[in-house]
Amino acid sequence: VQLQASGGGLVQAGGSLRLSCTVPGNTFTLSTVDWYRQAPGHQRELIARMSRRGPPEYTAFVKGRFTISRDNAKNTMYLQMSSLKPEDTAVYYCNTITLMSVGSWGQGTQVTVSS
């Protein structure tokens, strides 16, 4: 089953968006949850990760502006994005790693930040 992110859209620079991704099945609590993005002409890159117990991790470009979280009761992961910049424009994807198995990629959600 593909993991589909939602919540993207068009926002002005300095604005905020919250992305979400609900994971089917009953292994979410065992999973590391990841957010990726792919900007035009660039490779998909990991931007935020939250393991089962460890502290969240962020790439330098988003640290301090983005916050990853999870609600195990809802099998849902979130990415709160604040102080958005035009260079944050990309397709954003969610994925999981469960018992060393990577989930199926969905189509992602487009985030466009206007200047």
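Say R0 is 22 Å: what FRET efficiency, to the nearest 0.05, do Thr22 and Thr59 get from their beta-carbon distance? Could the numbers behind the result be given before it?
Details: r = 24 Å, r/R0 = 1.08.
Result of the calculation: an efficiency of 0.40.
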**Study point:** Sequence-distant residues sharing a close amide H with Leu84 (under 5 Å, placed H)
**Key:** Gly14, Gly15
Practice item. Might you tell me the accessible area per residue for the range 8-115, computed with a 1.4 Å probe and given in Å²? Key: 54 Å²
Point to revise | Size of electric dipole in the range 1-78: Cβ of Lys, Arg +1 and of Asp, Glu -1, about Cα centre, debye, nearest 20 | key: 120 debye
Review point. Using just the C-alpha positions of the range 60-102 as equal point scatterers, what log10 of I(q)/I(0) does the Debye formula give at each q in 0.28, 0.29 1/Å?
Key: -1.11, -1.13
Point to revise | Nearest-10 value in Å² for the accessible area of Ser82, using the 1.4 Å probe | key: 40 Å²
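With the full set of protein chains in place, find how many percent of the accessible area of the chain is carbon and sulfur; take the probe as 1.4 Å.
Working: 3160 of 6290 Å².
Answer for the chain is 50 percent, counting heavy atoms of protein chains only.
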Check your understanding: For the chain, what is one quarter of the convex hull surface built on the Cα atoms, given in nm²?
Key -> 6.7 nm²
Check your understanding: Could you give me the ³J(HN,Hα) list for the range 6-15, computed from phi with Karplus coefficients 6.51, -1.76, 1.60 and θ = phi - 60°, whole Hz, x at Gly and Pro?
Key -> 9, x, x, x, 9, 9, 7, 3, x, x
Check your understanding: What list of ³J(HN,Hα) values in whole Hz, one per residue of the range 95-110 in order, does the Karplus curve 6.51 cos²θ - 1.76 cosθ + 1.60 (θ = phi - 60°) give from phi, with Gly and Pro shown as x?
Key -> 7, 9, 10, 10, 6, 6, 10, 8, x, 8, 6, x, 7, x, 10, 7
Point to revise | Most positive-pole-ward Cα, Ala60, Leu99, Leu17, against dipole of the chain from beta carbon charges | key: Leu99
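The values are calculated or read from the model by the stated rules, or taken from the named source; none is laboratory data. Keep in mind that what you see is a predicted model, and the values were worked out from it rather than measured. Note: ideal-geometry Cβ built from the backbone for every residue, glycine included; neighbour counts use all protein chains shown. Heads up: the accessible areas ignore ligands, DNA and RNA and are worked out on the full protein's heavy atoms, side chains in. Shrake-Rupley method; radii C 1.70, N 1.55, O 1.52, S 1.80 Å.
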